[in-house]
Amino acid sequence: EQAEEILGQLRASPSQVSLQEAGGRFLATAAASGEVRTLLKSLGASEVLAAAIRSHPFCKGLQDQAQWALVSLEGWRAPLDVLRDPQLILSPEAVAAALWALSTCQKWEVESLTSVPWESRCEIARLALQSAARFKEHMMLQGHAIEVVGLMLWAVVPDTVQEVATSAVSVVVEAMQVHHSDGRFVRIAALALARLVEGNAAAAGLLRRCGPQFEELLDQLMRTHDRPELLKQLCIVRYAVCGAMSLLETLGKEKWRLMQREALLFALGDLMDDCDVASVLKMDAVARVCALGLEAHDAPGPAGISALGRILELLLQDLAFSARADASQEAAVERGVEAIVLRLQWELESSSPAVTVYASALRALRNVSRRSQALADRISASPAVIAGVDLALERDYFSLGFDSLWQLLAAVSFFCGVERLMGLLEKYRDAPVLHEVAFRVLVDDAEHQDGSTAAGSILHFAPRLAIFVTSVLRRMVPDCPNPKYNPLHLSTWAAALLGHVLGALSHRSRADEVSEASALTQTGCEPSSEEEMVLREGLQILVSLPETFPSSALLASKVCRALVRIKLAYGVGSRLLPMLHELGTAKVIEDMMQRFPESTGVTADIAVAMGILDGFGPILRLMQGRPSSQSVQLAGCRALVEIRRMGVQCAGDEELFSVTSAVQQTQEVFSAQEAPSLHAEAELALGFLRHSASQINGGRDSTG
């Protein structure tokens, strides 16, 4: 009734600018809810807003509010219509509002961009460039235009169809030169430029041909500005144009301030995978980073340690695959590890230690140790490492940030073992953040150990961990000890951990550990019945989480992946499926699908869970029920591929024919140029389905 009343007032007074502006603001806020959005569209709100935009093209406030509301209702097509309108494009207010709505009000990710046809993205980019050229004196509009160009031409398609990105590069560079002193504008332009050249060899080559002139522009911008996000984007551009080793050259080229050195070192660490070992050794990268990032009195410790750790990982990976040992390479690794250990020791002995420094050092040493057992043994025995692991949490627990806490708990798990980590959790039993981070660490370790049940591994402690995680969820979710903490975060990673440890209960050779777990619960049951009780209680709380937190897509995804992992571990013919059906798992999964119908990643995870539990039928019904939804079809094709990889077979010829037809129909509805990711996934699905057909026919022939 309120919406109808407001829309009636807007229709009755189209000339009252203040009323139309206030109405746009109200509708934009209300449209944040999916149900309200549907109601507003049915009441004709989009037409009212479009009329206001056309009637008052030069009223900035009205344009901003009305276009914000319209993009909330209709998506990216609404501002595109404004940029196409021959009258509205003469108004800088209307054009700026349309570009702002595209760049800010519409939330973009690479995945959501793929749902926009490539022709439309190119058109939006061209219109944005034309708008920037038409209103060169309007700096805010220029910034929005450049941001839109960077978003629309983000490198998610092959170079061969990215000539628009190449033509946009010169416009962005020219704007950066003109507005080089405005930090906000340069940040927007640098981000757009990074998106234009990332994965686009033609665009990067254009800048490379500019030679020293463009490199000098980057150096000038880095000297002028010190905002971390801006410096990061400039480093990405330099990397795309000049290569990763140019970051190292730039680092030693002049006396950079701390913020600039930090950005260069962090970028070097992030992009080290693309370096070649020969260049790293030739430039003596380990010694350079040690001198500039660790040993200097004003060294940016965390950044230097991060870069050095990534260099050492690269060298160790190459050594692992080399036919013979390289003495200079081994010496560089020794030098780097020693430098990190010394920096850790120095920090721990300091009167005011920097938590971020020794957390970074422990992370680097842990990652290096994962690549070399010999180094792992030596590092674990180092007095500095032992002191760092034993004392850091005890001394600095209440001053730790989230990332530092993660690194320290990861070091505890790796260097001291699961027993020590669980001891800390028992000591701080009412600390939900600590438990959340510990669950993240255990999930990471379990994935790295890749199913190992050896002594000391995560899955070796599966029954105890399953009981512990279940009890934590029962205690902390309904009544969290910290009223400011959202238990959703704890539940999300608890669900992921349950997927690993409940699945590991299927290993019958683990009866001794199950017996140990039974002593904790004091049930007096036999190992097999105790195992079944642990499994049932874990599954019960796992499938209850989506109902407790119905709006969390990430939690839904983690729960579905956990169920798939558990089902694969138990295999066919186990007692797991009756237990899942008894707990109403199919209904829980179906409800999740209803809540997240258009989120490709989550929908795919839910569809895989459907398929692994009930076969191809639920996925087929999903695809047939929403044939015009690109995200649903992409999720369905991904799910078909995944369940075939996991060994799920079609029920027979009829089901196989229906599933194949649904995938082929998807390819007919969406063109390859419009939806390249969908077509690639559909082709992969058809390949697996053809293999299924050959298996069915082969089995029939052999039977005959």
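For Cα pairs less than 8 Å apart in space and 6+ apart in sequence, what is the mean separation divided by the residue count of the chain, i.e. the relative contact order in percent?
Working: 912 pairs, mean separation 42.3, N = 704.
Worked out over the chain, it gives 6 percent.
Translational diffusion coefficient of segment 339-458 at 37 °C, 0.692 mPa s, Stokes-Einstein with Kirkwood Rh over Cα pairs, in µm²/s as a whole number.
Working: Rh = 14.5 Å.
Using the Kirkwood radius from Cα pairs, D works out to 227 µm²/s.
Where the Cα atoms of segment 256-340 are projected onto their three principal axes, how long is each span, largest first, in whole Å?
42, 24, 18
Would you mind calculating the gained length between ALA387 and SER529 on full extension (0.36 nm times residue separation, minus the Cα-Cα distance), in nm to one decimal? Before the final figure, lay out the partial values.
Details: separation 142, 0.36 × 142 = 51.12 nm, distance 4.26 nm.
Stretched fully, the ALA387-SER529 segment lengthens by 46.9 nm.
Which of the residue pairs LYS232/LYS282; LYS427/LYS558; LYS136/LYS232; LYS41/LYS136; LYS484/LYS558 have a Cα-Cα distance greater than 32 Å in the structure shown?
Working: LYS232/LYS282 26 Å; LYS427/LYS558 28 Å; LYS136/LYS232 27 Å; LYS41/LYS136 36 Å; LYS484/LYS558 23 Å.
Going by Cα-Cα distance, LYS41/LYS136 fall outside the 32 Å limit.
Less than 15 Å Cβ to Cβ from GLN67, Lys/Arg counted +1 and Asp/Glu -1: what total charge do the surrounding residues give?
Here the count lands on -2.
What would the Debye equation give as log₁₀ I(q)/I(0) for segment 135-248 at q = 0.11, 0.12 Å⁻¹, counting only Cα atoms as equal point scatterers?
The calculated log intensity ratios at q = 0.11, 0.12 Å⁻¹ are -0.30, -0.36.
Post the alpha-carbon centroid distance, segment 82-106 to segment 543-603, in whole angstrom.
Computed from Cα coordinates, the inter-centre distance equals 43 Å.
Taking each pair of different alpha-carbon atoms in segment 216-314 once, compute 1/r for the pair, average those values, and report the inverse of that mean as the Kirkwood hydrodynamic radius in Å to one decimal. Write down the numbers at each step before the final one.
Numbers: mean 1/r = 0.0764 Å⁻¹.
Hydrodynamic radius (Kirkwood, Cα only) of segment 216-314 equals 13.1 Å.
Using a Förster radius of 51 Å, what is the FRET efficiency between GLU35 and VAL178 based on their Cβ-Cβ separation? Nearest 0.05, please. List each step's numbers first, then the result.
On the way: r = 46 Å, r/R0 = 0.90.
The pair GLU35/VAL178 has a calculated efficiency of 0.65.
Per 0.36 nm of contour for each residue apart, how much would the distance between ASP273 and GLU547 grow if the chain were fully extended, relative to their Cα-Cα spacing?
This chain segment gains 94.5 nm when fully extended.
Toward the positive end of the charge dipole of the chain, about the Cα centre and with charges on Cβ (Lys, Arg +1; Asp, Glu -1), which of ALA693, LEU151, THR470 goes farthest?
LEU151
What length, rounded to one decimal in nm, is gained on full extension from ALA296 through to ARG84, with 0.36 nm per residue of separation minus their alpha-carbon distance?
Working: separation 212, 0.36 × 212 = 76.32 nm, distance 5.65 nm.
Full extension from ALA296 to ARG84 adds 70.7 nm.
Suppose every Lys and Arg Cβ carries +1 and every Asp and Glu Cβ carries -1, with no other charges. What dipole size does segment 183-315 come out with about its Cα centre, to the nearest 20 debye? Can you show the working numbers first?
On the way: 16 positive and 17 negative charges, 89 e Å.
That gives segment 183-315 a dipole magnitude of about 420 debye.
Counting Lys and Arg as +1 and Asp and Glu as -1, each charge on the Cβ, what is the dipole of segment 589-679 about the Cα centre in debye, to the nearest 20? Before the final figure, lay out each step's value.
Values: 6 positive and 11 negative charges, 35 e Å.
In debye, rounded to 20, segment 589-679 gives about 180.
Counting only heavy atoms of protein chains, what accessible area per residue, in Å², does the chain have with a probe of 1.4 Å? Write out the running numbers ahead of the final one.
Working: 30460 Å² over 704 residues.
In whole numbers, the chain has 43 Å² accessible per residue.
Give me the net charge for the shell around GLN20: Cβ to Cβ below 13 angstrom, other residues only, Lys and Arg +1, Asp and Glu -1. Don't jump to the answer; show the numbers that get you there.
On the way: positive: ARG11, ARG25, ARG54, LYS60; negative: GLU21, ASP64.
Neighbourhood net charge equals +2.
Seen from all sides and averaged, what is the projected area of the convex hull of the Cα atoms in segment 282-393, in nm²?
Values: hull surface 27.1 nm².
Averaging across all directions leaves 6.8 nm² for the Cα convex hull.
Given Cβ point charges of +1 (Lys, Arg) and -1 (Asp, Glu) and nothing else, what value in debye, to the nearest 20, does the dipole of the chain about its Cα centre take? Write out the running numbers ahead of the final one.
Details: 63 positive and 83 negative charges, 117 e Å.
Computed charge dipole of the chain: roughly 560 debye.
Can you give the Rg/Rh ratio of segment 29-149, where Rg is from the C-alpha atoms and Rh is the Kirkwood radius?
Numbers: Rg = 13.8 Å, Rh = 14.4 Å.
Taking Rh as the inverse mean 1/r over Cα pairs, Rg/Rh reads 0.96.
Using Cα-Cα distances under 8 Å and only pairs 6 or more residues apart, what relative contact order does segment 1-160 have, in percent? Working shown, then result.
On the way: 195 pairs, mean separation 29.2, N = 160.
Dividing the mean separation by the residue count of segment 1-160 yields 18 percent.
With the full set of protein chains in place, find how many percent of the accessible area of the chain is carbon and sulfur; take the probe as 1.4 Å. Don't jump to the answer; show the numbers that get you there.
Details: 16070 of 30460 Å².
Heavy-atom surface of the chain belonging to carbon and sulfur, 1.4 Å probe: 53 percent.
Toward the positive end of the charge dipole of segment 242-373, about the Cα centre and with charges on Cβ (Lys, Arg +1; Asp, Glu -1), which of GLY252, LEU319, ASN367 goes farthest?
Of GLY252, LEU319, ASN367, it is ASN367.
Note down the nm distance, to one decimal, between modelled labels 7 Å out along Cα→Cβ at SER120 and at MET579.
A separation of 4.6 nm, rounded to one decimal place.
Among the GluC sites (Glu not before Pro) within segment 162-202, which fall in a DSSP loop and have no more than 12 other Cβ atoms within 10 Å of their own Cβ? Mind dumping the intermediate values first?
Values: sites: GLU163, GLU174, GLU198; in loops: GLU198.
The qualifying sites: there are none.
Provide the net charge surrounding LEU689, with neighbours chosen by a C-beta distance below 15 Å and charges set as Lys +1, Arg +1, Asp -1, Glu -1.
Working: positive: ARG638, ARG644, ARG645, ARG690; negative: GLU642, ASP653, GLU654, GLU655, GLU681, GLU683.
The answer is -2.
Please report the projected area of the chain's Cα convex hull averaged over all directions, in nm². Don't skip to the end; give the middle numbers.
Numbers: hull surface 146.2 nm².
Result: 36.6 nm².
Per DSSP helix of 4 or more residues, -39500 (n - 2.57); summed, then divided by the residues of the chain. What does that give at 222 nm, rounded to the nearest 500? All intermediate terms of the calculation are to be shown ahead of the outcome.
Values: 39 runs with 518 residues, N = 704.
That comes out to -23500 deg cm²/dmol.
Working only with C-alpha atoms, what are the Rg and Dmax values of segment 396-489, expressed in angstrom?
13.2, 39
Roughly how many nanometres apart are two label points built 7 Å out from the Cα toward the Cβ at ALA202 and GLU447?
With each label point 7 Å from Cα toward Cβ, the separation is 3.5 nm.
Hey, could you pull the Cα Rg and Dmax for segment 539-662, both in Å?
Radius of gyration, then largest Cα-Cα span, for segment 539-662: 13.7, 40 Å.
In nm², what is the average projected area of the convex hull enclosing the Cα atoms of segment 1-81? It would help to have the intermediate numbers written out before the result.
Numbers: hull surface 18.3 nm².
With the hull built on Cα positions only, its mean projection is 4.6 nm².
Using DSSP to define loop residues, name the GluC sites (Glu not before Pro) in segment 1-94 whose beta-carbon has at most 10 other beta-carbon atoms within 10 Å.
Details: sites: GLU1, GLU4, GLU5, GLU21, GLU35, GLU47, GLU74, GLU93; in loops: GLU1.
Within segment 1-94, the qualifying GluC sites (Glu not before Pro) (loop, at most 10 other Cβ atoms within 10 Å) are GLU1.
When the C-alpha atoms of segment 348-387 are aligned to their principal axes, what extent does each axis show, in angstrom, from largest down?
33, 17, 7
The values are calculated or read from the model by the stated rules, or taken from the named source; none is laboratory data. Model, not experiment: these values are computed from the prediction. We place every Cβ from the backbone using ideal geometry, glycine too, and count neighbours over all the protein chains shown. We work out accessible area using only protein heavy atoms, side chains counted, and drop any ligands, DNA or RNA first. Shrake-Rupley method; radii C 1.70, N 1.55, O 1.52, S 1.80 Å.
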